[in-house]
Each structure stands twice: as structure tokens, then as C-alpha cells.
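Quick notes on the structure that follows.
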Amino acid sequence: MKGRAWLPGACLAASVLALSVMLFGRLSHPLLWQDEGETAMFASRVVAYGYPKVHGERNVLYEFGANVAVGIKESVDAYIGTTWGHFYFAVPGWLWAAGTDEPYARTLRMRLPFAAAGALGLAVLVAGVLPVFGGDRRRALWLAAAFAALASVSVSLLLHLREARYYPLLWLLTAAILAVHWRYAVFGRSRTGAWVLSIAALLVLVFNVFFQAWFLFAALLGGERLLHALRAPAPAGGRWRLAGVGVLPIAVSAVAVAPLVVFFETVQIAASFREDLGFGVRQVAANLGEVALHFARHEFLVAALAARAAVLVAGRAARRRGEALPLPEARRISAFLLAFSAGWAVLSCANPLVYERYFVILSPLLALSFALDGAVLLEAAPRLGPGAPRRAWGTVLAALVALAVLGAPARPADVRGRIEELVSPYRGPLDFAVEYLRAAYPEPERLVIATNYANHSLMYYLGSHVIVGLNLSNIRRDRELSPDVVIPRRRWPRGLAELDRFLAAGRFRAVRLPVRDLHFNNVPALSRSRSVPDPHRFRTAHEEDPERQLVLFVREPGAVSPSGPPPPAGAAGAASRAAGPP
């Protein structure tokens, strides 16, 4: 292999190509689900008002909870259920998407900047560890190729990185923080002042993307620096100085985000969630179990732990021979990645709500830890195995490949499913509803639509006035309206009574669409849980049973509502006949 100088670069190119196809393929499908629709709609408010305003000329953007006093800054009518980084980041994509009326083209343009940010984060992370090879370009290319190959089959990660939400941005910032930290703490290539300012600035951005992550980074990075100071071979005074320097970037960022904590009412919102949802030690344990099971089934947890154990065993054997394992910096970073991942998981599970998206940044960290320990074992193989060095090297390589493939039992099905949805794009209930309404109503922006879920997405694609919603946040005023279309989502009981009130007060005709009425249009989460009863689907859920189909109720021609005209009889009738019997 030494004579094949082209091989590492070719493998890297092939891995990057596979990763690009798996990540960027079919960004246009399916249409934006509820949370992504919220991103798009708040981006429109940023364009119109300069910030995420809750009340617009017609639509109300608020699905944070039933108590509107918690998630709205009433003095400026601003949404404070989350910080706003991803809303501002979405503005260029929203402006680009505004140039077309085709729903799938708009979807691609909204998602592409987020997916690009996720891809950049993967590149930043692997670039941050390449100095472990001391400038050896060939070995660096091999590691980059291995990491890209692992990322290309990390389907949970890929599905999250293509979402028009904060997840890709948080991942990019995470990768940047780790790369900057390793440059200073592991490789010694950065001055203290540059490290302090860089980490502090990145932490401020983290707060503005996902404020919970700021507290996790503060605890984990601060704890690592304090532990480093405690272990330093220095007098007590020197260790105190190291400890002070170690927490300095966290302190600087804390000063910077303090006004934001006040504005976004972070403490009050967290307290309200705990009070409403309730929590205890048993719940933390249950959350940890769910997270561990997900990473064992779908990600590189088993492989990373096995490779780390092998490195520890090999290191002990080497020390008995008076030797040391190669790549000490790689071993140090791998240990850091596993400790960081464990700390993130434990602290995040103290949140009453556990979603895959809260932990998805750990997927590439586990993959990188596995790749680094694999590199250590391959470097040490000629000294570890019996017989010829080539045989030992081949044995270790085969073991690593087996771990990567078999270490997650759900991975083959995940990869097959992802490839299948690349070939045959998935369409969810929202896709069918938007297609029908665009065909039946030449001017969907004149409609009033009552629904109890996916209201943000309907606003985005149709421009309609959408009422009721998941949390009934504007229900008193909504009751004064007479909708043209009612879309009851039976998987979400809250709000169905309000929709029944509208149906009882008017003349509507049922239109059944040949798709199952699912919880979501689709979500990136692969694991079923209490929070996600209907995880990601790779195939369209076509449905022939009328009792399980998505049903739209459209106002009968001639039954004019005060909100707008009825649909053209011919168009609505044709679409209804195509969709199925009423």
C-alpha cells in the first residue's frame, strides 16, 4: 500500500461522495414538518419586523405551550420559547425560497443552508484532530476517509443535519468549540488569550442557537479544565492559576449572555417546564436508558466503547513490555470524546423532555472516538499480534470493520431505508394535503383553515390564515371565524373539540386522501419513545382504509363563509374524486 499514494485520497473522495448523497439527497422531500414550518414562519417575521414577532396581520405563531404568558415577551410581542439564532440563519434560505411557488423547491431552498452548516461541522471536527499525525498527510487522509465513511452510515445524524432547525447549527458550533479547545489544550498551538476569546464567543453563539446547550458546555468544559488544573504537576498556586484560566472563557460568556437570560426569561421558563411536567430520579434513569438504547441500536456507542477497551488493554500490555502505544494525542482526544459524551447525556437527561435531537451531536463524537482508537490499534498492530505484522494489521482492521458494521444492530435497516427514500421520495400527510388544496383552490392564501397540527407548515406553503393549532393559543378569536377548510389530525386529541364545533356550525364535505393520518409529516428521530410515538418513516404510508386516512372537510359550494369564497366546484370535485370517496 505504500506505493499507492493515490489510494487514501481516492478513498476520501469516495467517502465524501457517499456522505454528500446521503445527506443532501432529496432535501426537497418531504415538506417541512411542524417544527421546520415554525422556523420558516419566524424567518418571515424576521424579514417583516426584524425579530420573531408572535402576532402578524392574520396568523399567530405560537406553539410553545398552552400558557402564552410563558413564551411571549409581551412588551414587544416576541416569541421567547427558544432563542433566535436559527430563525435569523433561516432568512437567506427563506428569501431564496420566496422566489418560487413550487412547494418542493421551496423546501429544498429552506433546508440547504442548514444541511451545508451540518456538513461544515463534520469537516471542522475531523480537521481539528488531524494534527495527531504530526503532519503525515497520508495518515490524515485515511482518518478523514474513515470518519466520512462512518458519518455516511450514521442515519440518525444525517436526518437531523438536513432539518431546517437549530440542530445543524448547534452541531457546527460544537465542532468549532472542540477544534478550538483541542488546538489549545492538546496540541498547544494556540495562545491563552485567543483560546479564551474564541471559546467565549462560540459559547455566546451556542446560547443564541439552543440556550440549554450553553449550560452543558459550561459544566463540561469547565469541569475538564478544573480537572486538568488539579492533575497538573505544579505547586498549589500554579494549579489555582490554571483553574482560573480554565473557567475564564465561561465567565466571559456568562457576562455576555446574562442580559439574554433576562430577556428570554430562561430561568422562569425552565422552572415552568419542571412544574408542569414533574420530574424525579426515576425519570432521569428512564431517560438515560432510552438514550443509551438509541445509541447502542443506531449509532457507534458499542463500537466506540469496544475500541476504547481494546486500546486500554493494549496499553497495559505495552507498558509491561516497557513500551508505549503510538498516537498519544489521539488517545487523549478519544478519551475526552467519550467522557464529554457521557457527561452530556447525563446532564441532558435531567431535562423532563428527552428528544433524539438533544443528543444528536454525540453521534459524530462517538464515530470520531472509534476512528481515533482504531488508528491507534492499527499503528500498534505490528507490535501486538503474533506472526507477521501484515497479519496482525489485517486482523485488527477486520475487527474494526466488524465492529462498525455489527456494533449497531439497526444500522443495516437504517441505511437501506435511507437509500430507499432517496430512490422513492417519502410523502407525508402534509404533502397530500398541500397538493390537494393547491389544486382545489386557485388562491389558497384567501382560505381560513382550521387544524390542530402542522399549522405553521400550512401557513408557509399556502399563505392561508390557519387557526386553532396544537395549543389553542388564540382560541377565543379563532372561534369568531368560519373556516373554509377543517383538517382534524386525530393523533392529536387536543383541539379536536374545537374543530368539531366548526364542523357542526357549517356545511362541509369530507375529502379523504390516500395517506395515513400520522402524528407527523415526518421526523428525524429513529427511536420510538414517550416523546416520539411515531418515529421516522422511510416509506410513504399509503392508506386505503377510510377510517385511517387523512380527512379534509371543505365547505360545500354555495355555503359561503365570511372569510372567503367557496372552492370552485369543478376543481374541488375533481380532486375529491381522485382522492377517494367522501
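The values are calculated or read from the model by the stated rules, or taken from the named source; none is laboratory data. This structure is a prediction, so every number in the text was calculated from the model and none was measured. Don't worry about glycine lacking a Cβ; one is built from the backbone with ideal geometry, like all the others, and counts go over all protein chains shown.
Based on this model, can you work out whether Arg490 counts as assigned to a loop (DSSP other than H, G, I, E, B) and either touching an Asp or Glu at 6+ places or on another chain (Cβ under 6 Å) or of a type in the set (S, T, N, Q) (or both)? So Arg490 fits the description; yes. The single condition among (1) surrounded by fewer than 18 Cβ atoms within 10 Å (Cβ to Cβ); (2) part of a loop (DSSP other than H, G, I, E, B); (3) touching a residue at least 24 places away in the same chain (Cβ under 8 Å); (4) not small (Gly, Ala, Ser) that Leu470 does not meet is (1).
Restricting to helices (runs of 4 or more DSSP H) lying wholly in region 386-448: which have 2 or more residues that are modelled with pLDDT of 95 or more and buried (at least 21 other Cβ atoms within 10 Å of the Cβ)? First the steps, then the outcome.
On the way: elements: 389-406, 411-423, 429-440.
The helices (runs of 4 or more DSSP H) meeting that bar are 411-423, 429-440.
In the set (1) over 23 Å from Tyr461 (Cα atoms); (2) surrounded by fewer than 18 Cβ atoms within 10 Å (Cβ to Cβ); (3) among the aliphatic types (A, V, I, L, M), Leu95 fails one condition alone, (1). Taking each residue of region 248-262 that is without any contact (Cβ under 8 Å) to a residue 60 or more places away in the chain and under 16 Å from Leu226 (Cα atoms) and looking for partners that are in a helix (DSSP H, G or I) and β-branched (Val, Ile, Thr) with beta-carbon atoms closer than 6 Å, six or more apart or interchain, yields Leu248/Val196; Pro249/Val196; Pro249/Ile199. Being buried (at least 16 other Cβ atoms within 10 Å of the Cβ), among the β-branched types (Val, Ile, Thr) and at pLDDT 95 or above: is that true of Val284 here? No.
Taking Val196, is it touching a residue at least 24 places away in the same chain (Cβ under 8 Å), surrounded by fewer than 22 Cβ atoms within 10 Å (Cβ to Cβ) and farther than 20 Å from Glu329 by Cα?
Values: touching a residue at least 24 places away in the same chain (Cβ under 8 Å): yes; surrounded by fewer than 22 Cβ atoms within 10 Å (Cβ to Cβ): yes; farther than 20 Å from Glu329 by Cα: yes.
When the stated conditions are applied, Val196 passes them.
Of the helices (runs of 4 or more DSSP H) lying entirely inside region 6-86, those carrying at least 3 residues that are in contact (Cβ under 8 Å) with a residue 40 or more places away in the chain and closer than 19 Å to Leu458 by Cα are 34-49.
Applying a threshold of 7 Å to beta carbon distances and a minimum spacing of six or more residues, or different chains, the list of pairs starting in region 349-373 at a residue that is under 19 Å from Asn287 (Cα atoms) and ending at one that is among the basic types (Lys, Arg) and modelled with pLDDT under 95 reads Pro352/Arg274. Restricting region 345-376 to residues that are farther than 16 Å from Ala307 by Cα and not hydrophobic (A, V, I, L, M, F, W, C) leaves a set whose member that is modelled with the lowest pLDDT is Pro352.
Are any of the residues in region 315-324 assigned to a helix (DSSP H, G or I), of a type outside the set (Phe, Trp, Tyr) and either touching a Phe, Trp or Tyr at 6+ places or on another chain (Cβ under 6 Å) or crowded, with 19+ Cβ neighbours inside 10 Å (or both)? Looking through region 315-324, none of the residues is assigned to a helix (DSSP H, G or I), of a type outside the set (Phe, Trp, Tyr) and either touching a Phe, Trp or Tyr at 6+ places or on another chain (Cβ under 6 Å) or crowded, with 19+ Cβ neighbours inside 10 Å (or both). Going by the conditions given, is Arg183 among the basic types (Lys, Arg), in a helix (DSSP H, G or I) and on the phi < 0 side of the Ramachandran plot? Judged against the criteria, Arg183 is a match.
The rows are residues; the columns are (1) under 30 Å from Pro412 (Cβ atoms); (2) over 19 Å from the mean Cα position of the chain (by Cα).
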position	(1), (2)
Leu301	yes, no
Ala309	yes, yes
Gly315	no, yes
Ala318	no, yes
Ser341	yes, no
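Select from region 501-522 the residues that are among the basic types (Lys, Arg) and over 19 Å from Arg438 (Cβ atoms) and write down the one among them that is farthest from the chain's Cα centre (by Cα).
So in region 501-522, the residues among the basic types (Lys, Arg) come out as 501, 507, 509, 512, 516.
This time we only want the ones that are over 19 Å from Arg438 (Cβ atoms), so: 501, 507, 516.
On the way: Arg501: 37, Arg507: 42, Arg516: 25 Å.
By that ranking, first place goes to Arg507.
One line per residue, one yes/no per condition, for (1) at pLDDT 90 or above; (2) touching a helix residue (DSSP H, G or I) at 6+ places or on another chain (Cβ under 6 Å); (3) not aliphatic (A, V, I, L, M):
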{"position": "Arg494", "(1), (2), (3)": "no, no, yes"}
{"position": "Arg516", "(1), (2), (3)": "yes, no, yes"}
{"position": "Pro566", "(1), (2), (3)": "no, no, yes"}
{"position": "Ala575", "(1), (2), (3)": "no, yes, no"}
